[in-house]
Structure formats: structure tokens, C-alpha cells
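Below: the structure, in C-alpha cells.
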Amino acid sequence: MKMKKYLAEFLGTFMLVFLGTGTVVVAKGDTLTIGLAFGLAITIMAYAVGGISGGNFNPGVSIAMMINKRLEVKDGIFYIIAQALGSIAASAILYVYIHALKLPSDGFGQNDFPAISAAQAFGVETLITFLFVFVILMVTSKKYGNAQMAPLAIGVTLAFLIIVALNLTGGSLNAARSLGPAIFAGGSALSHYWVYLLAPTLGAIIAAFAAKFMGSEEK
């Protein structure tokens, strides 16, 4: 049963990165299309395998779930490993088709912030991840949540947060989502990865405490 949970997290993150970054690189979608691709990928996989693992697909979400004792620390660690592997695997598959289509070899839908400073990018990613994880914790809470509508609410939230942040930081909100593309793209995306590792983690930690204060863990 444990392996099913970890595989669910791998597949969910794979789908997120494959559909989301594939829409950026292969389909060359506009801002709305890209936001919806990421958002709907989360919604689809939450309905598909959320009942198995809880549908985290994001290290920040797993950290928040651990803080609020919805997820055991051991499981949370393996979730994060599975999420990272899912992202890397999706980028590896895209690598094949990017080269087959003779697209730029450094284009993997990676996150970066060419127009703003690192401090500003850190602030953006912290804020949007806080908002995203706060919504997740509230819509999945026993007292205030709605199990049937939660995946849709989460997907829509992700889509619109990405739309807002796309031209600032690429709208990561997810350290795993940024990992695979950064590894394959290299350059500044890889050297700036620390922003996409630390800022979403901080935002998720703040969200865990804020949601708990608002009653997310009440029965």
C-alpha cells in the first residue's frame, strides 16, 4: 500500500510537469493556456489518484501536511522523493521530443526571473505558494472542506496564481515542478533553483500555521 502512495505521487507530479511544461515548450501556449494546463493537470490527477496518496504532488504541500500531522514524516519524505523523480522523468521524456522537433535545447519550461531581482522573485514565490497551500489545507479540511469539489478548487487556484506570476517568476509554487526542467535546461534556471526550493517551502510552512489558526485541523 505504501508503494501505491509513492507511485501515485510520482505519477501526479509527472503529469503536472509533462502537461504543464509540455504546453509551454511543445504547444507554445499563451498565458491562459499554460495556467490552465498546470491547473487541470493537478485536478485530473487529484481525481485519479488523490484517493490513494492524498494528491500532494508538491513538496510544499507534503511539508504542510506533515506540520499539521495529516501525513507521517516518513511518508512525507518518500512523497517528496517521488515528486522529485516524477518531475525529472517528465523532463527526460520531453527532452526526447524537444530534440526530435529541433526546438531550443535549453527550453524545458523552466522557471526563472529575468525581469526582477532574486529578492522580488523570492517574495512572489513565497506569497503565491502560501495562498495555494492555504487553499489546499482549507478545502481538504474535515470541518470546512468539500471532498468532491476540492480537486477543482485546487486546480483553479493553481491556474490563476500561475497566470498572475508567469511573467514574474514563471509561477512555480512547487520545488519539484521546477527541479526537472532546471536540471535539463541548466544555466540560470539551475543556478536560481534555490529560490524555487526555499521560497515555496517557506510559503507552505506559513500556510500550515495560518490554516491551522483558521481551523483547518478542527474535526
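The values are calculated or read from the model by the stated rules, or taken from the named source; none is laboratory data. What you see is a predicted model; the values in this text were computed from it and never measured. Neighbour counts run over all protein chains shown; Cβ positions are idealised from the backbone, glycine included. For accessibility, only protein heavy atoms count, side chains too; no ligands or nucleic acids. Shrake-Rupley method; radii C 1.70, N 1.55, O 1.52, S 1.80 Å.
With a ≥ b ≥ c taken as the square roots of the eigenvalues of the C-alpha gyration tensor of region 73-146, please select rounded if a/c is under 1.5 and otherwise prolate if a/b is larger than b/c or oblate if it is not? Provide the component values of the computation, followed by the final result.
On the way: a/c = 2.50, a/b = 1.46, b/c = 1.71.
Because a/c hits 1.5 or more and a/b fails to exceed b/c, region 73-146 counts as oblate.
Residues of the chain: accessible area per residue at 1.4 Å, in Å²? Don't skip to the answer; put the middle values down first.
Working: 9960 Å² over 219 residues.
Per residue, the chain has an accessible area of 45 Å².
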For a 24 Å ceiling on Cα separation, which of these pairs sit above it: K5/K69; K5/K142; K4/K69; K4/K219? K4/K219
Long-range amide H partners of N56 with built H, under 5 Å: none
Label T33 and M1 with points 7 Å out from Cα along Cα→Cβ: what is the distance between them in nm? 4.4
Taking θ as phi - 60°, what are the ³J(HN,Hα) couplings along region 17-30 by the Karplus curve (6.51, -1.76, 1.60), each to the nearest whole Hz, with x for Gly and Pro? 6, 5, 6, x, 6, x, 5, 5, 8, 7, 7, 6, x, 7
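Express in nm, to one decimal, how much length is gained between I52 and K143 on full extension, taking 0.36 nm for each residue of separation and deducting their alpha carbon distance.
Values: separation 91, 0.36 × 91 = 32.76 nm, distance 2.10 nm.
This chain segment gains 30.7 nm when fully extended.
What is the calculated FRET efficiency for A115 to Y95, with r their C-beta to C-beta distance and R₀ = 30 Å, to the nearest 0.05?
Values: r = 27 Å, r/R0 = 0.89.
Efficiency, from the Cβ-Cβ distance: 0.65.
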Hey, what number do you get for the chain at 222 nm if only DSSP H runs of n ≥ 4 count, each worth -39500 (n - 2.57), divided across all residues, to the nearest 500? -25500 deg cm²/dmol
Whole-Hz Karplus ³J(HN,Hα) for region 205-218, in order, using 6.51 cos²θ - 1.76 cosθ + 1.60 and θ = phi - 60°, x for Gly and Pro? 5, 4, 4, 4, 6, 5, 5, 4, 4, 7, x, 4, 9, 6
Note down, for region 1-159, the three equivalent ellipsoid semi-axes (square root of 5 times each alpha carbon gyration tensor eigenvalue), biggest first, whole angstrom. 26, 19, 15
Rounded to whole Hz, the Karplus (6.51, -1.76, 1.60) HN-Hα couplings of region 49-60, x for glycine and proline: 10, x, x, 8, 10, x, x, 6, 6, 6, x, x
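Leaving out ligands, DNA and RNA, what percent of the accessible area of region 66-144 is carbon and sulfur, probe 1.4 Å? Each step should come with its number before you reach the end.
Details: 2820 of 4070 Å².
That fraction is 69 percent.
Pull out a ≥ b ≥ c, the square roots of the eigenvalues of the alpha-carbon gyration tensor of region 1-42, then state rounded if a/c is under 1.5, prolate if not and a/b is larger than b/c, and oblate in the remaining case.
Working: a/c = 6.31, a/b = 2.81, b/c = 2.24.
Cα axes put region 1-42 in the prolate bin.
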